[in-house]
Amino acid sequence: VLNVTRTYGLSNLSVAINDNSTAVSAFTIADNISITDLNVRVSLTHTYVSDLIITLQGPTVNGAAGPTVTLFNRRGGSGDNLSATVFDDEATTAIANGAAPFSGTFRAEGLLSAFDGRSTAGTWTLRVQDVASRDVGRITAWSITATGTVGGGTGQGRSLGFRADDFDAAPA
């Protein structure tokens with residue numbers, strides 16, 4: 001078992017955030033990391049960011065949709081933009097206590113620990129819903145940083161301190 005931290009994401013995007021609609025951006029991860037901590041970074045341009053609700057959905061597993069966590073829910077008043085805004089359960093400041101333009105590290109509206117114990121493998125989806133008129137923008141980049149473990153061995157060798165051949169001999 002190996003502990004790793006890896007970042008996956010998209011940059012140089014130009015995904016339109018239109019009035020009264022939802023912008024969707026997704027990417028697929030092949031790596032199978034068992035998540036112990038997950039952080040999300042979002043960059044977007046948008047006037048009046050309190051028009052926005054931002055969510056992250058994890059991969060579908062065995063036909064069941066992955067968890068969805070609300071990162072941002074109509075915060076920032078008439079301010080503009082999220083600039084490399086990191087959502088991290090361990091941040092000292094909640095996004096509710098931040099101010100636009102949002103830059104830095106904040107606790108999300110929901111708990112990213114909802115992804116703990118799950119795999120990174122699959123399609124991750126960011127949704128930015130604009131729930132008002134007159135102000136538009138663009139998703140310019142987003143990423144997830146996953147910390148967790150990879151590898152679990154082959155199941156051979158020792159398990160709980162015993163080897164299979166410890167039981168092969170007849171009792172003395």
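The values are calculated or read from the model by the stated rules, or taken from the named source; none is laboratory data. Since this is a predicted model, take the numbers as computed values, not measurements. Note: ideal-geometry Cβ built from the backbone for every residue, glycine included; neighbour counts use all protein chains shown. We work out accessible area using only protein heavy atoms, side chains counted, and drop any ligands, DNA or RNA first. Shrake-Rupley method; radii C 1.70, N 1.55, O 1.52, S 1.80 Å.
For this structure, a couple of remarks:
- Percent of alpha-carbon pairs separated by more than 29 Å within the chain: 29
- Percentage relative contact order, the chain, counting C-alpha pairs under 8 Å, at least six apart: 40
- Cα-projected label distance for Ala96 with Arg74, points at 7 Å along beta-carbon direction, nm: 1.4
- Charge dipole (the chain, unit charges on Cβ, about Cα centre) - positive-most of Val136, Leu52, Ser34: Val136
- Heavy-atom accessible area per residue - the chain, 1.4 Å, Å²: 53
- With all protein chains in place and a 1.4 Å probe, the accessible surface of the range 1-72 carries 46 percent carbon and sulfur.
- Efficiency of FRET between Asn20 and Thr149 - r from beta-carbon atoms, R0 25 angstrom, step 0.05: 0.05
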